[in-house]
Each structure stands twice: as C-alpha cells, then as structure tokens.
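Enquirer: Please find one structure pasted underneath; my questions will follow.
We did not get these values from a lab; they are worked out from the coordinates using the rules stated. Note that the structure is predicted; figures quoted are calculated from it, not measured. No Cβ is skipped: glycine too gets one built from the backbone with ideal geometry, and neighbour counts run over all protein chains shown.
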C-alpha cells in the first residue's frame, strides 16, 4: 500500500524496521503522547477528545500486556502495573480527572526511560562483542 504523505511513509518504515525493543519504546511513547493529549483535553473540558486519547492510551497498554511473557516474574509484575495503569485511565475517563492521568504519565515516563536505557546498554554491548 503506497502512501503519498512523506511523514506517514517515514513512520511506517520506522515501525517496519524497528527491533522488538524499539517497538516497545514506541508504544511507551504513544502512551505518553495520548495521556498528555487527554490531560489537556480534560483541562479544556473537551470530553470527546479526552475520551479518544484515553481510549488510545488504554489500547496501547492492553497491547503491551498482551505481549508479556508472564511465565517470568518480571512479566507478572509488569502485568500488574499495566492493570493498575488501565484502571487509572478508565477511572480518569469516567471522572474526567487529570490527576489520575498524571499518575499514569509518571509511570509511563519511568518505563519509557528505563526501556530507552536498556536499549542503549544493549547496543553498547553489541558494539563491544
């Protein structure tokens, strides 16, 4: 499927050529982006935009949870964290409370930063090998 939008083509190529770790990082970036949009929309009383952004954030978290290998302890712990994040976003959508979105933003930022550092370390180790 050809696309005429150069940015869309670039984004598509970025996804198709990304490693699994880079894809996970992109998903965390998506959570951050949509949670920030949701927070602004809540503050501006734009219910429809807030709902759309919160649903998109929830869908990304569900995708991350679906891909977990829960036979490992870290997978089980991440599943619990993702459940908490999902519950906070659902509650934020019901109550339209930005502070609940802030909680998820903080967690998502930590996960993003940790994952980014892990990718960086993995690349360094490959260069040394």
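Enquirer: Given the Cα-Cα distance of residue 95 and residue 43 and 0.36 nm per residue of separation, how much length would full extension add, in nm?
Expert: Net length gain for the segment: 17.5 nm.
Enquirer: Angle between the Cα long axis of helix 20-43 and the longest principal axis of the chain, 0 to 90 degrees, nearest 10?
Expert: Here the helix axis deviates by roughly 20 degrees.
Enquirer: Starting from the 7 Å offset along Cα-to-Cβ, what nm value, one decimal, do you get for the label separation of residue 22 and residue 102?
Expert: 3.6 nm
Enquirer: Using only the alpha-carbon atoms, how far is helix 73-95 inclined from the longest principal axis of the chain? Give it as 0 to 90 degrees, nearest 10.
Expert: Relative to the chain, helix 73-95 is tipped by roughly 30 degrees.
Enquirer: Relative to the longest principal axis of the C-alpha atoms of the chain, give the angle of the C-alpha long axis of helix 98-128, reported between 0 and 90° and rounded to the nearest 10°.
Expert: The angle comes out at about 0 degrees.
Enquirer: With label points built 7 Å along Cα→Cβ from the Cα atoms of residue 117 and residue 36, find their separation and express it in nm.
Expert: It works out to 2.1 nm between the two label points.
Enquirer: Give me the one-decimal nm value for the distance between modelled label points at residue 51 and residue 67, 7 Å along each residue's Cα-to-Cβ direction.
Expert: Each label point lies 7 Å from its Cα, and together they span 2.9 nm.
Enquirer: I would also like to ask the following. Could you calculate the FRET efficiency of residue 128 with residue 9 from 1/(1 + (r/R0)^6), where r is the beta carbon distance between them and R0 is 30 Å, rounded to 0.05?
Expert: On the way: r = 35 Å, r/R0 = 1.15.
The pair residue 128/residue 9 has a calculated efficiency of 0.30.
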